[in-house]
Structures are given as C-alpha cells and as structure tokens.
Amino acid sequence: MHFPQKVAVLGAGLTKFMRRAQETPKELAFEAAKMALDEAGLTIDDIDAVVLVTAPDAFDGVHMNGEYLADGAGGSKKPYMRSFVGGGSGVFGIINGWYHIASGHFRTCLVVAEEKMSSSMPHPQGTFNAIYDQFTERPLGVNLLWIFSLEMNRYMSVHKVPLETIALVAKKNKKNGLDHPCTQAGIAGDYTVEEIVNSEIMCWPVTRLMVSTVSDGAGALVLASEDFAKKVTDKPIWIEGVGWCLDTSYWTNRDLYYPKYVEYAARMAYDMAGIKDPRKEIHVVEPYDPFAYKELHHLEGLLLADKGEAPKLLEKGFWDRDTETGIPSSPSGGLLGVGNPIAAAGLMKVAEIFWQVKGTAGKRQAKREVKRGLAQAWGDLMQVGTVVILGK
Amino acid sequence: MNERVAIIGVGYTQLRPVSSDVSFREMIYEAAVRAYEDAGIEPRDVDTFVAISEDYHEGTAIFDEYVPDQLGAVLKPVHTITQDGLTALASCVMQIKTGLFNIAVLEGHSKASNILYPSHIDAFALDPVTVRPLGFNPVFLAGLEMQRFLVETGNTEYHCGLVVAKNRATAIKNPIAAYPAEISIEDVLSSNPVSFPLKELDIARKADGAFVIVLAKESVAKRLSPYPVYVEGVGWLQDTPNIEMRDLVSSLYLTGAANMAYREAGIRNPIREIDFAEIDDTFSYKELQHIEFLGIARPGESGEMLEEGYFDIDGEFPVNPSGGNIGCGYMYDSSSLRGVYEAVLQLRGFAAERQIPDVETALIASWRGIPTASGGVVILSNRE
C-alpha cells in the first residue's frame, strides 16, 4: 500500500460553547482561527489554503454560508474550500485539510469549523425536519429526536441494555466536561444515574440529560506538511490515518443496531495508520456522542468493543478518563459535557485528541500513556462515519 | 505521487428548462450510467466520490444525505463540496494525488426549476446583519458591476449583446443545450431592463440536468481509456465575501485561480498555449470580464476582439464552443461541469458539428454567481 505524504497538526483553537452567542458567525470563526494560529506560532500569511466546515445553512440562515464565512475564517484571497457531510463535517474538515497537504498542493492549511444554531428560531429541531425525504418522511413532522429514539430503542433491544447503563455515558461525559474550559454554561455536572433516567422524556427512551444541547461555537486546527512542521516544531503530532464512509439514504432499510458505515470508515483509517489491533494501539478515543447511547454504538463500530460489549465495559469503568487498563473515551466531556455546535463539536473532538497526544490537556489528561488517539464524528440520516487518527 | 490525473469518463443528461418527469435522483443516475459506461468501469471500481450541492438550491437541509444511492456509492467514501464544480474537481485531483485512491467520481446536478423564487434564495446569501436588511433583489449587484466594468474598460452594451448572440447561436449545434436560438444584438439591447444596464437577455436562464465525471490516476487511465484527458492544472480562489469591499471592475478571484492553475500547468502565455476556453457567462458582461482577467485579453480589448470574431467557434481563440451558460442554461455550481464535459469532447475530437480542429489544451473557468466572488480554473490537455 502507498503511504501518502505525512501531515502534521500544529495548533488548535476553540471558542467557548454557548447557547446564544452575541458574536456573529464570522466573529466566532475568527476567534477560533486566531487561537489555532497562535498555538501554532503562525500568522494567516503562513497559511496557503483554508478549509471551512459548517453544518446545514439553515441554522445560520445564510445561503452559501461558506461564502459568507470566508473572511472570518481567514479564507479571503486564498484557495478556500467548504466540504460537507452533515454532522460528520467537523472531523471531515480535518480529512479535507489533510488531502490538501498530502496531495502535495499546499504546505499549510487552516481548518475552521463554525456553527451558530441559535439563529434558528424558535428551535433548531425545526430545521432538522428539512433533512428528511420531502415526500415520504417530512410530511410526518419528524425531527432528529424521533429518529434517535428509534435507533436507541433498537440498540437497547438487540443487546438487552438497560436504560440505567446508557445513562452512565451521560454521567461520565457530563462529569468530564466540568474540566473543559469551553464547556457550555449549565450542561456539565456531577449527575446521578437516577437524575439522568428520570429527567424529562424528550422522545422515549431519550431523556433530557441523555441528549446534547443546542450550541453556538467554533473551532480551528492548523495543518502542515512534514517539511514545514519540522521547521517550526520539534514534536509534531501527525495525522496517521483518515477514513470516511457514507451509507444509503434509505435508512429505513437498514438494521440500526450497528453502524456499519463507522466500521468501514474506521477500517480505512486503521489500514492507513498500519493499525492491526485497535484495542491495543488506540490509547484514547473521542467517539461522537450527541446522544448517550451513540457513544457505545460508535465504540462498537470503531471495533474498540465487540458488538453489545461496550455497555458492559462501561459498567466496569473501561472508558473512564482515569482508567489504567482501558481506553479513556470522551475525556473532553464530549458533546454531552461540552456542548454540540454540530461542525465545531466534531472539530472539538479532534482538538481534544491533539491535546491528549501532545500531553497538554491539563486536568483532562488521560491517566494512561497516550501515544495515539482517535476522533470520530457521525452525521446525516444515521449514515456517515468520519474518523481521524492522530499520533506522535 | 507524481503521476498526473486524467478524466476517463463523462456522463450527461439533456439540459432542460423544466424536468417534471424525472427526479434529481433519476437525472444523476442517467448521467452516472453514461459516465461509467464511457470510462468502462463499474461503480464498485470507484474509490472515492465527490458531489456538489447547496442546501438552499435543493430545498433540503444536509443534502449530501441523498447522494450515494443513485451513484452506486453506498458504503463508500463520499462527501459533498459546497462550492462550484471546478473546486470539487480540484478536490478529486487532490484525493487521487495523495496516492490513496485510483479512481474518483464527481457529480453535479441542477433542479433549478424547483426553485419558485430564485431571487429570494439569492437574498439569503447576503450578509444577514449589514446587507440583507436593505431588502434589494440581488440581481441589482450584477447591474452595478456591469455598469462599473463597462465604464472602466470601455467595453459597451453592444459587446455584451454580441456575447449573447454568439453563445445562443453556438448552442444550436450543441444537442444538449436548453436555449439555442438565432437572435440579434438588437433583440438583446431591446429586451426588458432588469437592473440598468443589465437586460433580460443578458442573463443566462436556468436549466435542469446532471453531469458525472470519472477521474483516474495516469497509469490507471491509460489502461482503461483510449483517450484520457489530463488535468494539467487546477486553481480556485475566494475574493472578499463583503460586496461593499470588492473591486467591481476586475474579477480578482479568477485572476488568482488562473495564476494557480497556470503555474501548475506551466503556462506562461495563456492565449498562445491554450486553444479554447469554456468561461462562465452567467451574465453577458461576465464573459468579457472573465476573458480579460484570466489574462486572455488586455482590459478593455475583449469587446473589440469579440467584434472581430476572435472568440467565435471558428475564430482564433474559441470561447464557449458549447454555447456557455447563456446558450446551454445556467445550472448553478454544476454549470462548470458542462464546461468540463464540452472540453473533454473537444479534446477527444468527439464534438461532431462543433469540433474545433487540432485542439490540445483547454481552459475552463467558473464563478459561483451573485453575490459571491469565488471561482475556479482548470486546464485540460490531451497531450501524452
């Protein structure tokens, strides 16, 4: 197999996640981009190309939102590309930036993810109705909670997982989120399983504390070629593997208990990184957790647990941040503990892996030694998996 | 990877003002089947897929959900680029050049006829805080730019009318074109005013249709195709998104994108080294502006050259041998894929009645339409 040119991550930036940001979308993008450039020790003049990701235009209420955000993201007068895979966009942006450099076309690339969901009034769930098929599903008045409740129920039935076990994911992530400086006000906390299970039912079996919130925020990452990275840092963090996969739009024709698209994306990334046994070679993982069960669902798709085993490992503390023998999962707090500005949340996961591998995650640093970590996002109609593996 | 990337298959549908008998899925399927047949591959041979779409043009949020099935791309690496077709083509080229992929597929389509009030959609692309509240129809921006361009460069409304007459007449020989017509410059000049000096016939009318393009790395392309067309250079650039800060005379986005593509293709003198071009003509003046700022003519000279027949299909430097957006129909971001399709036919020598003799190198240039200032440039060649 051919191994492409190496690509390094030099810096990451994140704005605070908020329910209703006063900043305009451009300002959010600017703030994150500036922080990432500062960590990398670069200025915008060092950047050859810019990649932007943001989920549906309908949130910001701006048509061709990529064009609108261009100057905030630093893309003015530069080759500027916006890529899109729905909720998986946050991690996909890194993949898009990766091929900019791995192809040999550019030395450096700034990847910016922005999301401002609060502009969608009265609530962004209304926008989610527009993602369904306009003939067969949209007229039913459905939103995202509804499809997730179906999938969660299926997952629980197939593997006989009690609701209390799923609630443990929310408990773990919301606790981890307490240590994240960008966490959205009021969403992290030390909750008990009872509080989570007994919180308001959104769409059975999904309860209020098992679903991530509506957020505004932005994130950015600076990527560079091997030659460039070696000039500016002694210890670059490398993108070792990338993978992405899109399943059929006819989600009703699939068995929802297992995310095959995540498995395919993960296998692509493992192959590229030369990983034979992910359970030994991945030291920290940030699976996408917009809903509590999703983390378990994705951990199985990532082949880090056998089908139906992730909940059992969860009960044993295998995914905790201070585990010595397990694999810390969502040490950042994830979407449940930090917030879920869709595309920016995906990028937040990659940024967390970057800081974990670099060893600068502070209070969130995993206890075990971290040489390699994996971030994953998911999106569309339970349809897309995007995976990035970073390592020393 | 040092191998070049080649286009080995193209697929199209007939471009039409309305297409109430087919869904977008059926259009994409039709174009995809033709492209795979042309390339001699099955969808399972494809390593990565790129689709272009904008949510507001489709009427569906997160439109990339609806891409895989009709392309045969289920459970494959697929993603959407919400940019124009040439930027997405650059994405395919870059992916192949990483060395991870052998074959990439690019899809673009338009269901413009579904959009009841296009100007309302365009207005949603204006800055929501500073510009949109002014409540104007965005096509006004084109009139403003046209006026400034004509005054500064000395080109005239007559020249713009000539662009329309040329492109619509050229389209008569193009079997897929939606708006072929024999019209006079007077017809254009006397058509209804839209935003002074822009008139109704200066504006490309919209069309429905789909294009699918198959790309492969050189070694694979040579094995699969008897007539590979090589991508010699790609470029894309974003000028400022703030309309109030732009230089309305020059299309700087294309100058920048062209410089990037010329550098990669090793082109120093575009008018000598390139044989013909497919250039965005969403508005008639845009063809002249783009010709000048791509470095094909000096500022202010394109109108006169056009009058002399320089850019005619049998002229020295044919521009828009397909009929352009004005003759074929405007397909939003997929319009430039029609340019790629035309260039591939010409470079293979398959353009039938409208074949330009002895062509080796083609330029395709795109613009994303109002109110944007971004575009792309691709250089194609049939040289071994």
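Every read-out reported here was derived from the displayed coordinates using simple, explicitly stated rules and does not represent laboratory data. The structure displayed is predicted, hence computed values, not measured ones. Every residue, glycine among them, receives a Cβ derived from its backbone with ideal geometry; neighbour counts consider all protein chains shown.
Computed on the Cα trace of the stretch A:104-250, the radius of gyration divided by the Kirkwood hydrodynamic radius gives Rg/Rh = 1.05. The mean number of partner chain beta-carbon atoms within 10 angstrom of a residue's beta-carbon across peptide B:368-377 is 3.
The share of Cα pairs per 10 Å bin across the stretch A:324-388, counted from zero up to the longest distance, runs 21, 53, 23, 4 percent. Spin-label pair A:Lys316-B:Glu360: with each label point 7 Å from Cα along the Cα-Cβ axis, the two points sit 6.8 nm from one another. Taken about its Cα centre, the protein assembly as shown carries a charge dipole of about 2560 debye when Lys and Arg each add +1 at the Cβ and Asp and Glu each add -1 at the Cβ. Please work out the Cα center distance from the stretch B:319-384 to the stretch B:174-207, rounded to the nearest Å. Centre-to-centre distance over Cα atoms comes out at 20 Å. Here the Gaussian network model covers chain A, with springs between Cα atoms less than 10 Å apart; of A:Ala345, A:Ala377, A:Ala40, A:Ala40 fluctuates the most. Stokes-Einstein diffusion for the stretch A:15-109 at 20 °C, viscosity 1.002 mPa s, with a Kirkwood radius from C-alpha pairs, works out to 154 µm²/s. Arranged from fewest to most other beta-carbon atoms within 10 Å of their beta carbon, B:Met245, A:Met152, A:Met64 become B:Met245, A:Met152, A:Met64.
Ordering B:Ser184, A:Pro122, A:Gly90 by the projection of their Cα atoms onto the charge dipole of the protein assembly as shown, which places +1 on the Cβ of Lys and Arg and -1 on the Cβ of Asp and Glu, puts A:Gly90 at the extreme positive end. Could you tally the net charge around B:Lys217, taking each other residue with its Cβ under 9 Å from the Cβ of B:Lys217, Lys/Arg +1 and Asp/Glu -1? Value of the local net charge: 0. The residue list A:Thr43, A:Ala351, B:Ile279 was ranked by how far each Cα lies along the charge dipole of the protein assembly as shown toward its positive end, using unit charges on Cβ atoms, and A:Ala351 comes out on top. Summing charges over all other residues whose Cβ lies under 15 Å from the Cβ of A:Ile187, with Lys and Arg as +1 and Asp and Glu as -1, gives +2.
Stokes-Einstein diffusion for the stretch B:230-324, with the hydrodynamic radius set to the Kirkwood value over Cα pairs and evaluated at 37 °C in a medium of 0.692 mPa s, equals 235 µm²/s. Taking a ≥ b ≥ c as the square roots of the eigenvalues of the Cα gyration tensor, an a/c ratio of 1.5 or more together with a/b no larger than b/c marks the stretch B:181-268 as oblate.
Legend: translational diffusion of the stretch B:309-358 by Stokes-Einstein, Rh = Kirkwood radius over C-alpha pairs, 4 °C, 1.567 mPa s; D = 115 µm²/s. Working note: Cα atoms of the stretch A:246-392, range along each principal axis, descending, whole Å: 43, 32, 32. Taking chain A as a Gaussian network of alpha-carbon nodes connected by springs under 10 Å, the highest mean-square fluctuation of the residues A:Trp98, A:Trp238, A:Trp146 belongs to A:Trp146.
Fraction of C-alpha pairs exceeding 30 angstrom in chain B: 33 percent, rounded to a whole number. In chain A, a dipole from Cβ-located charges (positive for Lys and Arg, negative for Asp and Glu) runs towards its positive end, and of A:Leu302, A:Leu381, A:Phe135 it is A:Leu302 whose Cα lies farthest in that direction. Dimensions of chain A from C-alpha coordinates, computed as largest minus smallest value along each principal axis and given longest first, are 53, 46, 39 Å.
Ordering B:Arg132, A:Arg321, B:Arg383, A:Arg279 from the fewest to the most neighbouring beta carbons within 10 Å gives B:Arg383, A:Arg279, B:Arg132, A:Arg321. Rounded to the nearest 500, the 222 nm mean residue ellipticity of the protein assembly as shown from helices alone is -10000 deg cm²/dmol, with -39,500 (n - 2.57) taken per DSSP H run of at least 4 residues.
Counting Cβ atoms of other protein chains within 10 Å of each Cβ in B:235-248 and taking the mean gives 4.
Counted by Cβ distance under 14 Å from A:Asn176, the other residues give a net charge of +1, where Lys and Arg count +1 and Asp and Glu count -1.
Expressed to the nearest 5 percent, the antiparallel share of DSSP beta bridges inside the stretch B:274-378 is 45 percent. With N set to the number of residues, divide the alpha-carbon radius of gyration of the stretch B:64-201 by 2.2 N^0.38 Å and report two decimals. Normalised by 2.2 N^0.38 Å, the Cα Rg of the stretch B:64-201 equals 1.41.
Remark: the B:Val33-B:Leu116 segment gains 26.9 nm on full extension, using 0.36 nm per residue and subtracting the alpha carbon distance. Rounded to the nearest 20 debye, the dipole magnitude of the stretch B:231-363 is 380 debye, with +1 charges on Lys and Arg beta carbons, -1 on Asp and Glu beta carbons, and the Cα centre as origin.
Counting Cβ atoms of other protein chains within 10 Å of each residue's Cβ and taking the mean over peptide B:53-60 gives 5. Taking Cα atoms only, the orientation of helix B:157-170 departs from the longest principal axis of chain B by about 30 degrees. The stretch B:2-32 to the stretch A:120-190: how many Å between their Cα centroids? A separation of 37 Å, based on Cα centres. Between B:Glu278, B:Glu30, B:Glu182, where does the largest GNM mean-square fluctuation fall for chain B, given springs only between Cα atoms within less than 10 Å? Fluctuation is largest for B:Glu182. In this Cβ point-charge picture (+1 for Lys and Arg, -1 for Asp and Glu), the stretch B:141-188 has a dipole of about 220 debye about its Cα centre.
For the set A:Lys26/A:Lys77; A:Lys260/A:Lys280; A:Lys172/A:Lys367; B:Lys173/B:Lys199; A:Lys260/A:Lys392; A:Lys280/A:Lys392, the pairs lying more than 19 angstrom apart at their alpha carbons are A:Lys260/A:Lys280; B:Lys173/B:Lys199; A:Lys260/A:Lys392.
Of the three principal axes defined by the Cα atoms of the protein assembly as shown, the extents in descending order read 81, 52, 49 Å.
In this label model, B:Glu353 and B:Ile271 are separated by 3.1 nm, measuring between points 7 Å along each Cα→Cβ vector.
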